[in-house]
Amino acid sequence: MPTPPHAPVVGVLLAAGRSTRMGRPKQLAPLAGQPLVRHAAQALADGGHDALLCVIPPGPVGDGIRAALAGLPFAFVVNPDPTRGLGSSFRAAVAALPGGLDGGLAAVNFALADMPLLGGAQHAALIAAFRESGAPVVLARYADPGAEPVRAPPHLFRADLLRAVQDTPDADHGPRDLIRAHAAQAVTLTFPAQLLLDVDTPDALAQAEAVLAGETITAVSSSVEGPTARPSTPLPIADVGGDSLCSVQED
């Protein structure tokens, strides 16, 4: 389904996770002088999206996330029952998209609040790949040269596909059926494996702190493959199809 070349792309931050392995609200855990959630939010804000939306839990944690994102141009929607899983956060986001699915949106890019090493450049690469290729889905995977890649967010979906999210089951995984249905037409970008760090435990938080304190992240050489993909600027390595499932969960 064609979309206008300059139709808006919305960035969604899924931040309603329950922090079951951290033992405290990880969204608000201090990391390099800021709440963890602020790092992922800043990356989305720097990625060139036309609008930003954050899914938060009810109560004090949600209020804390609102405060942590002060000064960033996010709208907020509450997932009233995060215990129902990631599918419920997807549905909450889709229901709250600016203008709705009939409002002329081009695509929606979903990111997780506990991946603080991603930057605006990675989100901008997904948007550029979508604009250039017209692919229905643009996915991310993470690998070092010669290593087996791992697929994980962010994932960008053409807006019209998200009607199917309304029927996503309550489970702690992404919209797998939606990704599988369009895998043959998907474009997948490969980013450095170190960026995949998701902060689910105190040890992972300490690891993220060490990286942000000065360890370098090696870039992946740039190329792109995919249906009608002709990027005008270099993009990370890309391929088409594959299993393309969300390997990192909103915890």
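The values are calculated or read from the model by the stated rules, or taken from the named source; none is laboratory data. Keep in mind that what you see is a predicted model, and the values were worked out from it rather than measured. With ideal geometry, Cβ positions are generated from the backbone for all residues, glycine too; neighbour counts draw on all protein chains shown.
Here segment 48-67 is the region considered, the condition is being crowded, with 20+ Cβ neighbours inside 10 Å and of a type in the set (A, V, I, L, M, F, W, C), and the residue that is nearest to PHE130 (Cα to Cα) is LEU52.
For segment 178-196, the candidate set comprises residues that are in contact (Cβ under 8 Å) with a residue 24 or more places away in the chain and surrounded by fewer than 16 Cβ atoms within 10 Å (Cβ to Cβ); within that set, the residue that is farthest from the chain's Cα centre (by Cα) is ALA184. Applying the criterion of being surrounded by fewer than 24 Cβ atoms within 10 Å (Cβ to Cβ) and among the acidic types (Asp, Glu) to the residues of segment 95-141, the residue that is nearest to ALA75 (Cα to Cα) is ASP102. Considering segment 74-94 alone, what residues qualify as being crowded, with 21+ Cβ neighbours inside 10 Å, under 28 Å from GLY33 (Cβ atoms) and of a type outside the set (Gly, Ala, Ser)? Listed by number, the residues that qualify are PHE74, ASN79, PRO82.
Screening ASP203 on (1) in a helix (DSSP H, G or I); (2) touching a Leu at 6+ places or on another chain (Cβ under 6 Å); (3) without any contact (Cβ under 8 Å) to a residue 60 or more places away in the chain shows it passes everything except condition (2).
If you go through segment 130-141 and keep only what is over 15 Å from the mean Cα position of the chain (by Cα) and either in a strand (DSSP E or B) or on the phi < 0 side of the Ramachandran plot (or both), you end up with ARG131, GLU132, SER133, ALA135, PRO136.
Taken over segment 24-61, the criterion of being without any contact (Cβ under 8 Å) to a residue 24 or more places away in the chain and small (Gly, Ala, Ser) is satisfied by GLY33, GLY59.
Taken together, the criteria exclude GLY104 from residues that are in contact (Cβ under 8 Å) with a residue 60 or more places away in the chain, closer than 24 Å to LEU189 by Cα and outside any strand (DSSP E or B).
Assess whether ALA45 counts as being hydrophobic (A, V, I, L, M, F, W, C), under 21 Å from ALA208 (Cα atoms) and surrounded by 18 or more Cβ atoms within 10 Å (Cβ to Cβ). Yes. Could you please let me know if LEU28 is touching a helix residue (DSSP H, G or I) at 6+ places or on another chain (Cβ under 6 Å) and within 26 Å of LEU105 (Cβ to Cβ)? In short, no. For LEU156, the requirement of being modelled with pLDDT of 95 or more and either part of a loop (DSSP other than H, G, I, E, B) or in contact with a Leu (Cβ under 9 Å, 6 or more places away or on another chain) (or both) is met. Consider ALA147 carefully, then state whether it is closer than 30 Å to ALA206 by Cα, touching a residue at least 40 places away in the same chain (Cβ under 8 Å) and part of a loop (DSSP other than H, G, I, E, B). So ALA147 fits the description; yes.
Within segment 77-98, residues that are over 19 Å from ASP50 (Cα atoms) and modelled with pLDDT of 90 or more have Cβ atoms under 6 Å from residues that are small (Gly, Ala, Ser) and not in a helix (DSSP H, G or I) in these pairs: ASN79/ALA16; PRO82/ALA16; SER89/ALA16, counting only partners at least 6 apart in sequence or on another chain.
Of all residues in segment 197-227, none satisfies the criterion of being within 21 Å of the chain's Cα centre (by Cα), modelled with pLDDT under 50 and farther than 18 Å from GLN122 by Cα. Residues that are under 24 Å from PRO202 (Cα atoms) and not in a strand (DSSP E or B) are absent from segment 73-81.
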